[in-house]
Every structure is written in C-alpha cells, then in structure tokens.
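The structure under discussion appears below in the form of structure tokens.
Laboratory data are not the source of any read-out in this text; all were calculated from the coordinates shown. A quick note: this is a predicted structure, and the numbers were derived from the prediction, not measured. Backbone-built Cβ (ideal geometry, glycine too); neighbour counts: all protein chains shown.
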Amino acid sequence: MTTTAERTRVAIVGGGPAGLLLSILLTRDGVDHVVLESRSHDEIEHTHRAGILEAGSVKVLTDAGLDRVLREGDRHDGIDLRFGGETHRIDLAGLAGRSVWLYPQTEVFKDLAGHARGTGADVRWEAQVTEILDAGTTLPGVRYRTADGATHELRADLLVGADGSRSVCRHTLPEDVRRSFSHEYPYAWFGVIVEAPRSASELVYTASEHGFALVSQRTETHQRLYFQCDPVEDPAAWTDEQIWAELQRRVAGPDGFRLTEGPVREKTVLRFRSAVVEPVRHGRMLLAGDAAHTVPPTGAKGLNLALADVVVLHDVLSGWFARGTTAGADDVLDEYGRRASRRVWRAQHFSAWMSRMLHSHPGESGFEARCRIAELRALAESEAGRRFIAEGYTGWGEILARPAGATRRRPPQRG
Ligand code: PHB
C-alpha cells in the first residue's frame, strides 16, 4: 500500500559513487533531490571493488571537497607489464604527464557518503525501487519499498538511473529505441585479499603461458591479487597453497620475481563483461555509470567512467535548470549522451583490448598466443606504444573538457 507521495526536483536511483557524486553537486547548487539506494550503507562499504583512480577522477573528488585521497591514497607514476618472464615499466607520468591513484572504491564511497551525510543530503538507504512510473513524461517517478515494508511514491522533474549493472531504470528504455552492445568473455578473475607485505611498489599486469595475473596493493599488511580463471570456478574449492602456487607460476621468470606469501583472507570470482546501452535518455530519465555501461576490470575504468558521466550530466543539467525545465527545453538533455559516449567507447575499447592482449584464450592456437605476446612486446618496446597505453590508462585528460565553443551557463536557481 502506498503510504506517502512526495515530490522533489531530481530523484536519483542508486547511492553508489555515481549517485552520491551527483547528490553532492546538486546540494552545492541548491537543487532539491532524493537518493534511493536498495542496499545498506554497510553492505556497500564492505564490497571490494577495483582501486585505481585516474588523475581526472582525483580532481573531480578534490574539487568536490574530498581530499582524503591525496593524504591516504598512493600515487602511482607507472605500471608494470610483465610477459615472457620480464617486466616492462610504463612510465605513466613521463609519457602522459599524469599519474593514477591507488584508492579503493570503498574509500571513495566512504568519502562521498560521509560528505553527503555532513551536508544533510537526503540519502535513503535500504530503499528498494520496485517500479519506474511514467519514465517518458515530464513528471516521472518511482515506487519504492523501505526496510519496514512500507511502499512509497516519489515524483520528480528528472529521474537519474545510477542503479548499477542490474539497473531497474534501464528497462524503461523503450524496446524500439534501445540498442544494446555487449561482449562476453570466456574467462574471469579469481580475486584475493592476502595478509602479506607488498611484493611490488606498482601494479604488475602479467601475461604468462598459464594465464593472466595482476599484483595490486592495499595497505602495509594486506594486498589485492588476481589471476585469470574459469567463470564457473568455485573459490571455496581452493586452498591457500593452491592459490599461491597458481599466482607464483604466473609471475615467475628468469629474473626470479616472487610474491611474498601470507594467509588468504578473502576470495571471490569476478565475472567479465563489456556492455553499453544507448540512448542514455528516455524523456526525463537519464542513465549514468554502470546502469549505462559495464567494463571488464582490466583497465580499472568502471568507477572512473561513472564519475566522468556524472560530471558531464551535472554540467548538462545545470544548463537545463538554467533555461527552465519546460518540456520544450528537454532536447538539451541529449547533449549528455552525445558528450559522455566518446569517453565510454574509448574506455570500452581500452578495457576490451587490454583484456584480449593479456589473457590466455581457451582454445587459442599457439600462433594466436604468440601474436598476443608479440603485440605486447611491440607496444612495450616502442615509445609511441607505451604512450598510447599511458594515455588510456590515465584517462585521456582532454575528454572531460567541454566541447569547443561551449560557454559556462548560469548556475541553477534553488527550486
Ligand atoms: C585493484 O586494485 O583492485 C585493481 C587494480 C587495477 C585493476 C583492477 C583492479 O585493473
């Protein structure tokens, strides 16, 4: 039974990084909004996600007043590509003029959620959206259920679907306009958190004849490691000894590189998928972050893309609010998809390309496997190749810039 019917200007479905960043930007502008998140704050805070922030993402966070990343994150000026048992460093800072920051998504979430709480933003946890109402109209809404079992209705000038890869909002895109592009991968990542000191000071992306492995870091005492596995692998079936043996044989080489071992504290299998849905707007409903696109974790682009989407979305919304939110002004909302999609497709390509080069493909011929390694070598041994990787890994700084000729519009009035 519906117990309340409320009205706000922007209803944001999803309280992950995309939804919370948009909330912070709208609070700063004085735009009334509500964030609805189906999970609890604790559940999100304890879900491990990738850990690399592009320089542009760090700027977005610090511009929003969140600078803990600068004190507690680790700046990485390079990454290692390892193949043929040898390490080839990609000097990100030297080649692209930008670094990346190792700062896990859970920390980004804590910062965003803490800031939203501190400014009194209306974020409702454990609020499960069950139905999208009138998405194609000028007064869309949602029906949602709270933890006490009550059902509520919220109406808004605008609905933002930042509700992740299993988005409810995405399904309101009419079938006759919706275009879905996706790619499935025949492999996944086995991810572990281990209690051990660091084995390397920067990330090591390794291609070996036994498959891919990634050495990442977390703290002085805990590290994050991954190795390529079958998508249906059962993590519970693996002992610590088996996990270490698999990781060691993938990173092994004539240089004697070895990982420092310790107890495995957590293990999970991460599925791989590339997907994009277009268009990202239907009437007054707009999609952002994983609701609109998914990338495999190889390039660490997922969180960065979500934050970049929100920066563009917020800019477009500012113009829309400034012009007045009449139905006739809604065409400017299409600018969001046009501007965001360039970065989305660059990141899709980069993630799929890095994935293809670094992973062993079930059933690939010896010829194909050697060509993959030859491609890695060609890139690593050419300055142009290294620079191409560095520009992609650090996030194509220029793409966030507004299109040529665009001028900054008046900030929106409190509504
Ligand atoms: C991580 O540290 O979890 C991580 C880093 C880089 C990736 C993926 C995951 O590409």
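General remarks:
- Subset of the stretch 324-380 [aliphatic (A, V, I, L, M), buried (at least 20 other Cβ atoms within 10 Å of the Cβ) and touching a Gly at 6+ places or on another chain (Cβ under 8 Å)]: ALA347, MET354
- Residues in the stretch 63-101 that are within 12 Å of the ligand (Cβ to nearest atom), in contact with a Ser or Thr (Cβ under 7 Å, 6 or more places away or on another chain) and among the aliphatic types (A, V, I, L, M): VAL100 alone.
- VAL192 vs. criteria within 30 Å of GLY328 (Cβ to Cβ), in contact (Cβ under 8 Å) with a residue 12 or more places away in the chain and crowded, with 16+ Cβ neighbours inside 10 Å: no
- PHE321 crowded, with 21+ Cβ neighbours inside 10 Å, over 27 Å from GLU175 (Cβ atoms) and more than 16 Å from the ligand (Cβ to nearest atom): yes
- Scanning the stretch 175-229 for residues that are over 19 Å from the mean Cα position of the chain (by Cα), within 14 Å of the ligand (Cβ to nearest atom) and assigned to a loop (DSSP other than H, G, I, E, B) returns ARG198, SER199, ALA200, SER201, GLU202, THR219.
- Enumerated strands (runs of 3 or more DSSP E) restricted to the stretch 250-312, each holding at least 2 residues that are within 16 Å of the ligand (Cβ to nearest atom): 264-270, 273-278
- Checking each residue in the stretch 137-182 for being of a type in the set (A, V, I, L, M) and surrounded by 15 or more Cβ atoms within 10 Å (Cβ to Cβ) picks out VAL142, LEU154, ALA156, LEU158, LEU159, VAL160, ALA162, VAL168, LEU173.
- The stretch 103-131, residues that are touching a Lys or Arg at 6+ places or on another chain (Cβ under 8 Å), buried (at least 21 other Cβ atoms within 10 Å of the Cβ) and among the hydrophobic types (A, V, I, L, M, F, W, C): VAL123, ALA127, VAL129
- Matching option when the condition is surrounded by 17 or more Cβ atoms within 10 Å (Cβ to Cβ), among the aliphatic types (A, V, I, L, M) and in contact with a helix residue (DSSP H, G or I) (Cβ under 7 Å, 6 or more places away or on another chain), among LEU286, LEU247: LEU286
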